[in-house]
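Asker: Just passing along the structure, written as structure tokens.
The values are calculated or read from the model by the stated rules, or taken from the named source; none is laboratory data. Nothing here was measured: the structure is a model prediction, and the numbers come from that model. Glycine gets a Cβ as well: all are built from the backbone with ideal geometry, and neighbour counts include every protein chain shown. In case anyone asks, the SASA skips ligands and DNA or RNA and just uses the protein heavy atoms, side chains included. Shrake-Rupley method; radii C 1.70, N 1.55, O 1.52, S 1.80 Å.
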Amino acid sequence: MPDTQDSKSSNTLSVALIVPDARRRRILASALAGTQFTVGRELDAYPPRNELPDFAQAPSCSVVIVDLDDEAEEAIAVIENICSRNTTITVMAYSGSNDPEMMRRSMHAGAREFLVEPLLPKAAGEAFARTFSRRPDKEKAPGKLLVFVPSKGGVGLTTITTNFALALTKESGAKVVVVDLDFQLGEIALGLGMIANFSVVDALMNVARLDKEFLSTLLLRHSSGLAVLSSPEDYNFFHSPVDDGAGKLFKILREEFDYVVVDTGTCHGNIQEALFGAADKLYLISEMTFPSLRNGHRLLAFLSARDWSRNLDVVLNRFNSRHGDIDENSATKALGRPISWRIPNGYAAARTAEDAGIPLAMADCPITRVLVQMARAACGKPLIPEKKVSQRFSFFGSKALAEPVKT
């Protein structure tokens, strides 16, 4: 096993390579040359289990890169064994193909990164930045937690949450993440035209190795800059381990992002209750129907009894002041609280956007205009005066006006 001296520079990370194939090992070492990764040790075979403790405890080794292609099962076992013995070492998987299933298996074993041959300088630099950023930043204030909760199913929660998060990304210019807690049938990634290989459940089921670096491997990145922690692609049920990891997950998210936007969906009661108590702002999404208003009143009573409703906005979706048996005054009386935001009825536009996988916020429409105003209020920007609405450009540059509907 060739051995070289570990780097002691403060702005580099010492790497051990576990790559049995000599040619692939040379290629990888060459790709790392000139980066902030310094190869400190090269292993030409997967180490046996009884050698792992000494190897994994080497204080000067920050990163271990394990090749999956020589013998996948052995490689996965090595990743799992190293991660179970040393949580300070970052393990990266390395492969010649971008296989989603192998990526999932290596991440579940504990790998923080999945590097694909040929390893380009940009990919190496991004991996270094994520690894180096594990150091805690104690000066940064936690990000704001903005929680969206429905009064009942079918009120448009996901559409509003997704497009609000997009608008907030643009209006704030800050780091924003949206979290889909509808574990069974979440649709945020779908609505953004993306498919997730990993989900919020992968974070919640792996609490022992959950940190900001591991979390970064689970996130999707939308072209707008919005980060997405998706719901699972497969339908399933999840139990107590999911509840146990929620506090840690949202602590890390608030450390990493300026705004954490949450679609509570069908998440477990324990998680939802914890979010209600921790939220900087709650948005109750309702509509002008008797079942929705009744449930909204019940939820508001629950929140008020715990002093959690002080920073709550009531959002009436599919609002139409000219039609229906229930007017706004009746809705206000039913809820026992004034309406904060009125999102107009735009079912056809929402349905078209959903089917196309193109968010409403990507173009001008009445719904988008209200959500932009909500986003501006959330990030402390002044609302757009009504007289200037016709002169303003929308989220992505097309003309779009937002009426100042905040009360």
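Asker: Could you give P(r) for segment 73-209, binned at 5 Å from zero, as whole percent values over all Cα-Cα pairs?
Answerer: 2, 7, 13, 15, 18, 16, 14, 8, 4, 1, 0
Asker: Further question on the same structure: How much of the accessible area of segment 150-308, in percent, comes from carbon and sulfur atoms when a 1.4 Å probe is used?
Answerer: That fraction is 52 percent.
Asker: A further question follows. Over 30 Å between Cα atoms, which of LYS281/LYS333; LYS170/LYS212; LYS175/LYS248; LYS170/LYS333; LYS152/LYS251 qualify?
Answerer: Flagged as over cut-off: LYS170/LYS333.
Asker: Provide the solvent-accessible area of MET205, counting protein heavy atoms only and rolling a 1.4 Å probe, rounded to the nearest 10 Å².
Answerer: Rounded to the nearest 10, the figure is 100 Å².
Asker: Would you mind computing, in nm to one decimal, how far apart the modelled labels at LYS251 and ASP325 are, each placed 7 Å from Cα along Cα→Cβ?
Answerer: Each label point is offset 7 Å from its Cα along the Cβ direction, giving 5.1 nm.
Asker: Also, quick follow-up: If ligands, DNA and RNA are left out, what is the accessible area of ILE326 with a 1.4 Å probe, given in Å² to the nearest 10?
Answerer: Using a 1.4 Å probe on the heavy atoms, I get roughly 40 Å².
Asker: For MET103, MET374, write out the residues from largest to smallest accessible area, computed with a 1.4 angstrom probe and no ligands counted.
Answerer: MET103, MET374
Asker: Can you tell me the FRET efficiency between ALA174 and ASN197 if r is taken as the Cβ-Cβ distance and R0 is 22 Å, rounded to the nearest 0.05?
Answerer: The formula returns an efficiency of 0.25 here.
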